[in-house]
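The values are calculated or read from the model by the stated rules, or taken from the named source; none is laboratory data. The structure presented is a predicted model; accordingly, all values stated were derived computationally and were not measured. Here the Cβ positions follow ideal geometry from the backbone for every residue, glycine too, while neighbour counts run over all protein chains shown.
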């Protein structure tokens, strides 16, 4: 949320075009890993397939955990949950944020005032503790995590959408639509929302990072879905079973690295899209 | 907008937000399936007398409206119920005993991150596309994508487990006796260096990037050209001429950072077993200690609200457009 105010906007042209390609490659790699998990994972991630605490070997490339699960298989399967939660929660945030932003910006008046004060309130309550509170009551499941992120993650998007709508509203074609007698709802759906695409696409890509990080964070705190393996859950068990005190680096290093690399992928792609769609960031 | 109107608006917002936070806290357990009493009294170690007392204090056998009145009344007298995990200690007492540790850790890391971030961002803007610029952007990009608890785990693994330079956990050496306050302070310092570094790195990105963006804009202003033409050294141009006009928007951005800081505390304190409010939240989640989670949510939200409120006032004082009109 904080990060949305920190636009980059001016890296060397060559670096930028390269960075979008790198970002895309990373994302393709992770998505393939998630989809092909049943075919490429060497073992069933939920089965005890080795001795506890085995170091990396040719049989278990990333070793095993305290129960003898194969860590490489867990990591490959973990991509599914992390991506799923990231994408779904980003969809939720963008959906709610867009609806509120469009209504607020287009209709204006007291509706705008109420919606924007609501936005301010949600924005000022600390996100992480709020989401901890929500998920601990709703119960730890993938859906509850997605719902909670969506409920709390929309305000900054709504604000950006609103100010964009305010400028879109001034366009002549909106006036023309009004002149031929189009109603508010028709204009919003037919003319305003399509005009928002250049704003929303990069926001969506960037919001996926927040979803992935929030899922990982909640899992790490013991609020992850206990029936699913995600990168955050692997790190949770590593922490709880004292993996680093025992020096089991192969348990700690890979899941966090994958979260970081995946996040970087979406970040590189998202900021390139942002500059592509909104050249005013480029100028600075 | 006049100053009094501005202050009035901020106070209204503060009170409404406070009210909404309290109401959310009140409603959540009651909106959930099951009996709300469970969430207050689920712990088996609560004695029948204590149970009866809590039911009476919070009116848990009465209607929702009465409960709400009692809840607010209890809140203003500092009664947030009894912690399950630290039974029979009241939630308020448990929270307050942990608060100084968090304030110490966060206060220093937040200040460090802001100062280093601003300096880094300003230099990055000055030497655009140089090594320091790419370094700043690189740090910001990586810390944005990285889970802070993982950074903490790695740091702990490398510097405490592997190299043995720093203690493994906690804020003080267990069972240590100190001959003087200085002894104690040094021990705490030794324990806090790693978590402090981790939080500082984690918080560095946003102020650095925001400063960079703002300074890039202000560097195109004519008064900066004048300063360059006068032959002033870059440090003076940067910090006296380019940074000063952006200090206002910067101060409002750093206020928004406050909510973000909380995340840093919860994760880092958990990894380093730091005895603060953040670690307490983790312990409360582990035990499904609902009164404690709610208390922590309330304490942290109110702290952030108050901090925002203070920043609003500083902003009004700094900004002549608000102050003088």
Unique residue being modelled with pLDDT under 90, more than 8 Å from every other protein chain (Cβ to nearest Cβ) and buried (at least 20 other Cβ atoms within 10 Å of the Cβ) when the list is A:215, A:274: A:274
Filter result (in contact with a helix residue (DSSP H, G or I) (Cβ under 9 Å, 6 or more places away or on another chain) and in a loop (DSSP other than H, G, I, E, B)) within segment A:237-261: A:241, A:243, A:244, A:245, A:246, A:247, A:248
Selected residue (only one of B:170, B:117 is surrounded by 12 or more Cβ atoms within 10 Å (Cβ to Cβ), in a helix (DSSP H, G or I) and within 14 Å of chain A (Cβ to nearest Cβ)): B:117
Options A:248, A:235; residue that is within 12 Å of chain B (Cβ to nearest Cβ) and under 19 Å from residue A:83 (Cα atoms): A:235
Residue among B:159, B:184 that is more than 13 Å from every other protein chain (Cβ to nearest Cβ) and either modelled with pLDDT of 80 or more or part of a helix (DSSP H, G or I) (or both): B:184
Single match in A:104, A:136 (criterion: over 21 Å from residue A:200 (Cα atoms) and buried (at least 22 other Cβ atoms within 10 Å of the Cβ)): A:136
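The rows are residues; the columns are (1) assigned to a helix (DSSP H, G or I); (2) surrounded by fewer than 16 Cβ atoms within 10 Å (Cβ to Cβ); (3) at the interface with chain A (Cβ under 8 Å from one of its Cβ atoms).
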site: B:211; (1), (2), (3): yes, no, no
site: B:227; (1), (2), (3): yes, no, no
site: B:235; (1), (2), (3): yes, yes, no
site: B:250; (1), (2), (3): yes, no, no
site: B:275; (1), (2), (3): no, no, no
site: B:279; (1), (2), (3): yes, no, no
site: B:291; (1), (2), (3): yes, no, no
site: B:296; (1), (2), (3): yes, no, yes
site: B:305; (1), (2), (3): yes, no, yes
Test for residue B:179: is it out of contact with any helix residue (DSSP H, G or I) (no Cβ under 6 Å at 6 or more places or on another chain) and in contact (Cβ under 8 Å) with a residue 24 or more places away in the chain: no
Selection from segment A:212-236 of residues that are part of a helix (DSSP H, G or I) and over 22 Å from residue B:293 (Cβ atoms): A:212, A:231, A:234
